[in-house]
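The values are calculated or read from the model by the stated rules, or taken from the named source; none is laboratory data. Just so it is clear, the model here is predicted, and its values are computed rather than measured. Glycine also receives a Cβ, built like all others from the backbone with ideal geometry; neighbour counts cover every protein chain displayed. With ligands, DNA and RNA removed, areas are computed over all heavy atoms of the protein, side chains included. Shrake-Rupley method; radii C 1.70, N 1.55, O 1.52, S 1.80 Å.
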Amino acid sequence: MKYGIHAGLWQARWTDELTPILKTVADLGFDGVEVSLLGMNDDKAAALGQAVRDHGLEVTCSDGLAPDKDITATDPDIRAAGVAYLKWAIETTAKIGSRGLAGVVFAPWGQFDPLHKADRAQRSADSLGRLHDTLVDHDVTLGIEMLNRFETDLTNTAAEAVAIAVASGSDRVGVLLDTFHLNIEEKDIRAAIASSKGKLAHFHVSDNDRGVPGSGHVPWDEVKAGLADVGYDGWIVAEMFVMAGNPASADLNIWRDIEPAPTDAARRALAFMKRHFG
């Protein structure tokens, strides 16, 4: 396993400078850092990649789609814009030095249209399939994130995320599972993780309140057993959002301080991850 942490833990805005965060992540002893491509451009990506290497870290990337780049849309021009954006995101991921891009890459976050769910899922899969050559050319794997019901209606279970990945027809398209979302939506977390066998590309951890893993009521033994069932040995990234009162936290409905201090939360998260996952 490799242990990472999402830089969003410390960011007030997605455009915040990341270099000071890299030093903190390295000093804490993480193997790598996860960065959002929101607010990224080509110049920033090249500089960030060098900064990550200078700090002795590896990197993973996350991203999301805007409504005007919705690959589930009925309008072919909007879908084409979404595919073009995701191709840029894949190229940028490689430029930064990451082999993995995951997140809300199947549809815009916070969008709901349950009456047309099947058709939207199929358009998403078809669009993601068009990324195969770009993924291969840049040696990047894409992870479709399973999200809870309050953030999407398309991928509320591991099985729904896997179904879109399979329907894409690309072996470079997999899924991202996250204990925060699994805890909300899945009756049997071990079985849910096991259902992603062959498609689990990335894994996020936090506890039920998006705080330090091990501090709440997520059934961590089930999580560990599920990862063993699928033979997962990739990245485990702590994606915690714990501080109220800034724009990035408001995006994710963090209305109170979940933990007293981000850096202390990161330290405790890494200790738990190493102790529990080995």
Unique match (being assigned to a helix (DSSP H, G or I), aliphatic (A, V, I, L, M) and surrounded by fewer than 15 Cβ atoms within 10 Å (Cβ to Cβ)) among Ala80, Ala84: Ala84
Selection status of His217, surrounded by fewer than 24 Cβ atoms within 10 Å (Cβ to Cβ) and either farther than 18 Å from His276 by Cβ or out of contact with any strand residue (DSSP E or B) (no Cβ under 8 Å at 6 or more places or on another chain) (or both): yes
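Report, by residue number, each residue of the stretch 256-269 that is among the hydrophobic types (A, V, I, L, M, F, W, C), closer than 18 Å to Thr24 by Cα and open to solvent by 10 Å² or more (accessible area, probe 1.4 Å).
If the condition is that a residue be among the hydrophobic types (A, V, I, L, M, F, W, C), closer than 18 Å to Thr24 by Cα and open to solvent by 10 Å² or more (accessible area, probe 1.4 Å), then Ala261 is the only one that fits.
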Can you name every residue in the stretch 10-57 that is open to solvent by less than 10 Å² (accessible area, probe 1.4 Å) and in a helix (DSSP H, G or I)? Leu22, Val25, Ala45, Gly49, Val52
Selected residue (only one of Ala167, Ala161 is small (Gly, Ala, Ser), in contact with a Ser or Thr (Cβ under 7 Å, 6 or more places away or on another chain) and either surrounded by 15 or more Cβ atoms within 10 Å (Cβ to Cβ) or modelled with pLDDT of 95 or more (or both)): Ala161
Pick from the stretch 228-255, criterion charged (D, E, K, R), out of contact with any helix residue (DSSP H, G or I) (no Cβ under 6 Å at 6 or more places or on another chain) and modelled with pLDDT of 95 or more, ranking: least open to solvent (accessible area, probe 1.4 Å): Glu239
Regarding the stretch 270-278, can at least one residue be identified that is assigned to a loop (DSSP other than H, G, I, E, B), more than 17 Å from the chain's Cα centre (by Cα) and at pLDDT below 95? yes
Filtering the stretch 104-126 down to residues that are more than 15 Å from Val162 (Cα to Cα) and not charged (D, E, K, R), which residue is least open to solvent (accessible area, probe 1.4 Å)? Pro108
